[in-house]
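Report on the following structure.
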Amino acid sequence: MDTTTLQPETVGAWVAKDYRTAAVFRRHGIDFCCGGGKPVSKAAQAKGVDPAQLEAEIAEAVREKDPYAPRFDLWSAETLARYIVDQHHNYVKDAAPRIAAYTAKVAQRHGDMDATLIDIHTEFVALADELYRHMEAEENELFPNLDTAPMERFEDDHEEAGRRLERLRQLTNGFNPPDWACTTFRVSFKELEDFERDLHRHVHLENNILFPKVRASRTA
């Protein structure tokens, strides 16, 4: 791959082009959602990763064309908004109550051994509550009025969600339960990791594809 063409591209642009690159960025702890505007080289350096190594991993990830990968960048804004609601809003509404129940149970049973488990439950409930309000506003205010509704506050919400996700990752030691963890404990961490992965993709679709598409249409 010609790295002179790769170097100026942003993290978000790569993920928008081919979502398989998300796994590369995730592996190195590089934010491709709210931090998607960073050039790949600077994102690598910020994480202490050799930019040439990162570029090689990206090249390997996209080496073979994936005929089944959705081309979200080619979808209309309206189609993409419907997909976000169906795929990601509904996932949050289904998964969040279940995860809150798991983390509450783990905190109740093991919080005296590790007070961090109480913080995990508290942080997740706060994240879920913010997401409920955020999604309701998107469904009732933003998505029905993509031609005129302001997007800045929704981007601010994404920043806050990103901070809470990072806090949860820290509290859970990267979603790695201790050796003594019971089954519910392990399930709760796995569900939290799945939740993070889905929310990263959710925010990526909005910040890096939907919102730029809407802004471009408004200035056309």
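Is it the case that segment 173-180 has a residue that's out of contact with any Pro (no Cβ under 7 Å at 6 or more places or on another chain), without any contact (Cβ under 8 Å) to a residue 40 or more places away in the chain and assigned to a helix (DSSP H, G or I)? Within segment 173-180, not a single residue is out of contact with any Pro (no Cβ under 7 Å at 6 or more places or on another chain), without any contact (Cβ under 8 Å) to a residue 40 or more places away in the chain and assigned to a helix (DSSP H, G or I).
Number of residues in segment 93-118 that are part of a helix (DSSP H, G or I) and either out of contact with any His (no Cβ under 8 Å at 6 or more places or on another chain) or modelled with pLDDT under 95 (or both) equals 15. Looking at A52, A69, A56, A81, just one residue is closer than 23 Å to D31 by Cα and assigned to a loop (DSSP other than H, G, I, E, B), and that residue is A69.
Out of everything in segment 22-40 that is crowded, with 18+ Cβ neighbours inside 10 Å and assigned to a helix (DSSP H, G or I), what residue ends up being nearest to the chain's Cα centre (by Cα)? Within segment 22-40, the match that is nearest to the chain's Cα centre (by Cα) is A22. Annotation: L6 fulfils all but one of (1) at pLDDT 80 or above; (2) surrounded by 13 or more Cβ atoms within 10 Å (Cβ to Cβ); the unmet one is (1). Look at (1) of a type in the set (D, E); (2) under 22 Å from the mean Cα position of the chain (by Cα); (3) over 20 Å from E196 (Cβ atoms); (4) loosely packed, with under 13 Cβ neighbours inside 10 Å and you find that D129 fails only one, number (3). List pairs: first in segment 125-152 and assigned to a loop (DSSP other than H, G, I, E, B), second surrounded by fewer than 18 Cβ atoms within 10 Å (Cβ to Cβ) and among the charged types (D, E, K, R), Cβ under 8 Å, 6+ apart or cross-chain? Pairs found: L146/E78; D147/R218; A149/E141; M151/R215.
Would you check if there is a residue in segment 55-64 being surrounded by 12 or more Cβ atoms within 10 Å (Cβ to Cβ) and on the phi > 0 side of the Ramachandran plot? No, segment 55-64 contains no residue that is surrounded by 12 or more Cβ atoms within 10 Å (Cβ to Cβ) and on the phi > 0 side of the Ramachandran plot.
Taking the conditions exactly as written (part of a helix (DSSP H, G or I), in contact (Cβ under 8 Å) with a residue 24 or more places away in the chain, under 19 Å from G29 (Cβ atoms) and not aliphatic (A, V, I, L, M)), does E196 satisfy them or not? Judged against the criteria, E196 is a match.
The values are calculated or read from the model by the stated rules, or taken from the named source; none is laboratory data. Everything numeric in this text was worked out from a predicted model, so none of it was measured. All Cβ positions, even for glycine, are placed from backbone atoms using ideal geometry, and neighbour counts span all protein chains on display.
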